[in-house]
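No value in this document is a laboratory result; all are computed from the given coordinates. As the structure is a computational prediction, the values presented were derived from the model and not from experiment. As a convention, Cβ positions derive from the backbone with ideal geometry for all residues, glycine included, and neighbour counts pool all protein chains shown.
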Amino acid sequence: MDLTEFPRVHLAQLPTPLEPLKSLSRELDGPDIYVKRDDCTGLAGGGNKTRKLEFLVADAIRQGADTLVTVGATQSNHVRQSIAAAAKTGLRIEVLLEQRMLRDDDYAANGNVMLDHLMGGIVHHCGMVEDLNVAGEELASTLRVAGRQVYFIPAGGSSVVGTLGYSGCATEILAQADDMGLQIDTIVVASGSQGTQAGLLVGLANSNAAIPVHGISVGRTRDELESKVFALARDTAEFARVTAPINRETVICDDSVVGEGYGQPTDAMIEAVTLCARLEGLLLDPVYTGKAMSGLIAKIRAGLYKKGQSVVFVHTGGQPALHAYRTTFDGQ
Ligand SMILES: *Cc1c(COP(=O)(O)O)cnc(C)c1O
């Protein structure tokens, strides 16, 4: 696989740092925890979608698009980063936000939503739909009829093109670990629309690195998520002509910290967010990284990751969503 074969626009500050979380590791008295700072990708608040958008926006421009269309939940970080990418590259963008739950004014209008408007995105809303990508394709069709050249980006940017961004991240992690003399035992990451976990698996396979990636589900059941991650990893490997096979056994997901559902706070998430804020000055988010960190903490407490081992937590961003969940952290 040679990522330089694919069109790419420069949006992210790379490489993002890989650094130890010494206080958190000491507090939990387990493995050495490192964080891959993809919250520091740099575009309008950062986050993991920026790596995907480097390839997606380039593909859109190559196809002659003048308009991007994408979709997400109300507080989508992907939508915020897509609007920022469109602003920076001079493309028009229309987005469809799905209201999956009613919370409060902060959830409806603060955090990512406030930034979506600030950066000039045209925002449409819908209630719960069967398939948000289908609803987004409908918006794209309407705009095409009106004469626009539309490039549709699926939820989370997790097409094979977007997923390339995370195979690049895997290569970056391996190079940094090498420089630091660090041997990584496990990588832990939040997994939603699967592109991040699938891309990491493709990049690791391409480098013949047998490091397991534990995807912490933020909504789906384990079986469903594993089969979707596997399918996307295989499709991406084929697209990028990676010859190393993607083995089903390397796709490992965990659905034990989802709680009541996507975007629904849990006590363990609140504990994880608070702990990282106070011990490391590290801001996680309520929907993805807070839950993923709660999964990592639970595994350490259960003795699954041990002293002497090294775990890399991929911080995929999402801090703007903290402002949408202000009341969740009242009294912390
Ligand atoms: C989208 C997102 C994820 C999940 O990444 P996927 O590629 O959709 O699985 C994790 N963390 C944050 C902060 C996100 O915005």
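Here are the numbers for the structure shown:
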| read-out | value |
| --- | --- |
| Mean Cα-pair separation over length for the range 49-157, i.e. relative contact order, pairs under 8 Å, 6 or more apart, % | 38 percent |
| Reference-scaled alpha-carbon Rg (2.2 N^0.38 Å with N residues) for the range 123-228 | 1.35 |
| Ranked GLU19, GLU5, GLU94, GLU130, criterion: other C-beta atoms within 10 Å, fewest first | GLU130, GLU5, GLU19, GLU94 |
| Value at 222 nm in deg cm²/dmol, rounded to 500, when DSSP H runs of n ≥ 4 in the chain each add -39,500 (n - 2.57) | -13000 deg cm²/dmol |
| Fewest-first ranking of ASP29, ASP185, ASP106, using other Cβ atoms within 10 Å as the exposure measure | ASP29, ASP185, ASP106 |
| Spin-label model distance (nm) - ILE122 vs GLN13, 7 Å beyond Cα toward Cβ | 3.3 nm |
| Cβ-derived FRET efficiency at R0 45 Å, ASP29 paired with SER141, nearest 0.05 | 0.25 |
| The chain: relative contact order as a whole-number percent, Cα under 8 Å and 6+ apart | 22 percent |
| Loop GluC sites (Glu not before Pro), the range 253-332, which have at most 15 other Cβ atoms in a 10 Å radius of their Cβ (DSSP) | GLU260 |
| 15 Å Cα-Cα reach of LYS307 towards aspartates and glutamates, excluding residues that sit fewer than 8 places from it in its own chain | GLU27, ASP29, ASP32, ASP185 |
| Cut-off 19 Å, label 7 Å out along Cα→Cβ of LEU304, residues of the range 253-270 by amide N | 253-262, 266-270 |
| Alpha carbon centroid spacing (whole Å) that separates the range 55-80 from the range 245-316 | 28 Å |
| Extension reserve of the VAL134-LEU3 stretch, reckoned as 0.36 nm per residue once the Cα distance is removed | 44.2 nm |
| Shape parameters for the chain, alpha-carbon atoms, Rg then Dmax in Å | 18.8, 60 |
